[in-house]
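See structure below.
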Amino acid sequence: MSFPIADWPELPAALIAEVRDFVRIDHQADDDAIDAFLRSAASLCEDFTGQMLIVRSVTDMLPSRQSWQKLKRLPVRSIVLVEAIAADGMASTLAVEDHAIDIDSDGIGWIRVQHNEDGSRIRVTYACGLATDWEELPQGLRQGIVRMAGYLYANRDGVDAGGPPSAVTALWRPYRRMRMA
């Protein structure tokens, strides 16, 4: 189980303005709707690419094993905390000598528990994401998010123009990380 424990950071006004320019509207009355569409488009981008876009804190619950285990989200920036979770739900921070961590060149985080005496679970908290803010996001991803938000805005009344623009997937595809199950 893996889940972000921090929400999307605030969207910059410039990003909302990009969508307004893209869909050719000159008022700010729909900025709240555009904000929501941008967040949906960014979530779709994360799902498509298999990578978190903006650095946020994530927590994974994993079995306590002496073999190396992958963290579930990509790309890992830092592993902040490793806790043992006992059968009664009590958490205790694992000492540095009781576990090993690694982040490889592909941004995959790894964890291994040195001693597995009680068979408990571990909770790993880590920072994950491609960029620290929206301005630092690669241009192809950002442009795809703007186009997708524009598409969602233009089709908000349920009129479907034949599916999302293929330009969106073309912009996102170079960043896609596939995982084998």
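Would it be correct to say that Glu18 is closer than 30 Å to Asp157 by Cα, free of Cβ contacts under 8 Å to residues at least 12 places away in the same chain and outside any loop (DSSP other than H, G, I, E, B)? Step through it out loud before you land on a result.
On the way: closer than 30 Å to Asp157 by Cα: yes; free of Cβ contacts under 8 Å to residues at least 12 places away in the same chain: no; outside any loop (DSSP other than H, G, I, E, B): yes.
No, not satisfied.
Mind checking which residues of the range 83-108 are more than 28 Å from Met178 (Cβ to Cβ), without any contact (Cβ under 8 Å) to a residue 12 or more places away in the chain and outside any strand (DSSP E or B)?
Initially, the range 83-108 is screened for residues more than 28 Å from Met178 (Cβ to Cβ), giving 83-99.
So of that shortlist, the ones also without any contact (Cβ under 8 Å) to a residue 12 or more places away in the chain come out as 88-90, 92, 95-96.
Matches in the range 83-108: Asp88, Gly89, Met90, Ala95, Val96.
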Complete set of residues in the range 61-82 that are free of Cβ contacts under 8 Å to residues at least 60 places away in the same chain and in a strand (DSSP E or B): Pro63, Gln69, Lys70, Val76, Arg77, Ser78, Ile79, Val80, Leu81, Val82
Residues being crowded, with 21+ Cβ neighbours inside 10 Å and either under 14 Å from Leu11 (Cβ atoms) or over 20 Å from the mean Cα position of the chain (by Cα) (or both) - total across the range 138-147: 2
Odd one out for Ser57, checked against (1) part of a strand (DSSP E or B); (2) closer than 30 Å to Pro165 by Cβ; (3) among the small types (Gly, Ala, Ser): (2)
Among residues of the range 120-142, those that are small (Gly, Ala, Ser), in contact with a Ser or Thr (Cβ under 8 Å, 6 or more places away or on another chain) and either in the same structural domain as Asp47 (by TED's automatic domain parsing) or part of a strand (DSSP E or B) (or both), counted: 1
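The values are calculated or read from the model by the stated rules, or taken from the named source; none is laboratory data. Nothing here was measured: the structure is a model prediction, and the numbers come from that model. We place every Cβ from the backbone using ideal geometry, glycine too, and count neighbours over all the protein chains shown.
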